[in-house]
Amino acid sequence: MAFGLLLPLLPWAARNWITLHEVQFLAPPYIQLPGRYVNRGFFAWTNTWLLRYHDIDGVLFKLDHEPIQMDDIPASAFDNTEERARVDALLQEERRSLEISPEVDRQFAELARERTARHPLRTFVKIPALRTATLWFTPRTELLPYSDGLWPPADRWEDDAVDFSVTLALGLINLLYIALALASAWRWRHEGAIWLLVAFIFVRTMVVAAEHFTPEPRFVLECFPAVLALVGLVWARRSA
């Protein structure tokens, strides 16, 4: 199986060795250009609080393109007013040049270490768990001309009834798929092959929720062939 997974990646790795002079079997996690500085400290800091798709648009996707304002960052990103003031001071440079220098990035990394030291369970358990909910239970409308907002329902309905109805319907369909897949996994739990599907879904989810710097729901779409396979088994009959 390992050889089968490696084989289709060899041409890509060869191309990167020839072009970039690097051993690179997959695209780099930060999708950076060769020689481009990666703000790993800033991303480490956002990993201590970022869990909603809205915050990805409002903060991460603005880096290098738009000034990041303090109102764009949720209150959960700060443990106290002093920490909020530190972040505000660090972002002054980004608002001027739309970039974060290595020195400022190192200060963001230190801030991330401090937040993790104060609340390790928040960084390593709570945030990945809430990100998992974002990945799996957000209505999948990011590539459609609809919002993903459903709350407060009365206001959303009054603003745009069609948008609210389509978003709600897609969210309920998504929930139905997940519920059927869970029921199927439980029904066929004694079959070893089922655990291969479950393991793939679990590992993919954990990698995105805990390791990736953007918990975008599209990153678990690769799991849906396995989800649909489980859903189909809900109605399968056991062999005699």
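Just wondering, is there one or more residues in region 227-235 that are open to solvent by less than 30 Å² (accessible area, probe 1.4 Å), more than 30 Å from D155 (Cβ to Cβ) and under 17 Å from the mean Cα position of the chain (by Cα)?
Taking region 227-235 first, the residues open to solvent by less than 30 Å² (accessible area, probe 1.4 Å) are 227, 230-231.
Pick out the ones that are also more than 30 Å from D155 (Cβ to Cβ) and you get 227, 230-231.
Of the ones still in play, those that are also under 17 Å from the mean Cα position of the chain (by Cα) are none.
Scanning region 227-235, I find no residue that is open to solvent by less than 30 Å² (accessible area, probe 1.4 Å), more than 30 Å from D155 (Cβ to Cβ) and under 17 Å from the mean Cα position of the chain (by Cα), so the answer is no.
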Test: residue in region 139-156 that is farther than 20 Å from L230 by Cβ, of a type in the set (D, E) and part of a helix (DSSP H, G or I): yes
Can you name every residue in region 184-240 that is in contact (Cβ under 8 Å) with a residue 60 or more places away in the chain, assigned to a helix (DSSP H, G or I) and either polar (S, T, N, Q) or touching a Phe, Trp or Tyr at 6+ places or on another chain (Cβ under 8 Å) (or both)? T205, V208, A210, P217, V220
Across region 196-240, which residue is nearest to K126 (Cα to Cα) among those that are modelled with pLDDT under 90 and aromatic (F, W, Y)? F213
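Looking at R40, R15, R36, which is the one that is more than 18 Å from E216 (Cβ to Cβ), among the charged types (D, E, K, R), within 18 Å of the chain's Cα centre (by Cα) and open to solvent by 50 Å² or more (accessible area, probe 1.4 Å)? If you could, list the steps in order and put the result at the bottom.
Details: R15 fails: within 18 Å of the chain's Cα centre (by Cα); R36 fails: within 18 Å of the chain's Cα centre (by Cα).
Sole residue among the options that is more than 18 Å from E216 (Cβ to Cβ), among the charged types (D, E, K, R), within 18 Å of the chain's Cα centre (by Cα) and open to solvent by 50 Å² or more (accessible area, probe 1.4 Å): R40.
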Residue ranges of helices (runs of 4 or more DSSP H) in region 1-110 with at least 3 members more than 29 Å from S147 (Cα to Cα): 2-6, 10-20, 81-97
What is the number of the single condition among (1) free of Cβ contacts under 8 Å to residues at least 24 places away in the same chain; (2) aliphatic (A, V, I, L, M); (3) open to solvent by 50 Å² or more (accessible area, probe 1.4 Å) that L130 does not meet? (1)
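Can A161 be described as farther than 25 Å from C223 by Cβ, surrounded by fewer than 18 Cβ atoms within 10 Å (Cβ to Cβ) and among the aliphatic types (A, V, I, L, M)? Break it down stepwise before answering.
Details: farther than 25 Å from C223 by Cβ: yes; surrounded by fewer than 18 Cβ atoms within 10 Å (Cβ to Cβ): yes; among the aliphatic types (A, V, I, L, M): yes.
So A161 fits the description; yes.
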Does at least one position in region 37-46 carry a residue that is basic (K, R) and closer than 22 Å to E110 by Cβ? yes
Are there any pairs with C-beta distances below 6 angstrom linking a residue in region 96-110 that is closer than 10 Å to L63 by Cα to a residue that is of a type in the set (A, V, I, L, M, F, W, C), with the two at least 6 apart or on different chains, and if so which? I100/F42
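The values are calculated or read from the model by the stated rules, or taken from the named source; none is laboratory data. Just so it is clear, the model here is predicted, and its values are computed rather than measured. Note that we place each Cβ from the backbone using ideal geometry, even for glycine, and neighbour counts take in every protein chain shown. These area figures cover heavy atoms from the full protein model, side chains too; ligands, DNA and RNA do not enter into them. Shrake-Rupley method; radii C 1.70, N 1.55, O 1.52, S 1.80 Å.
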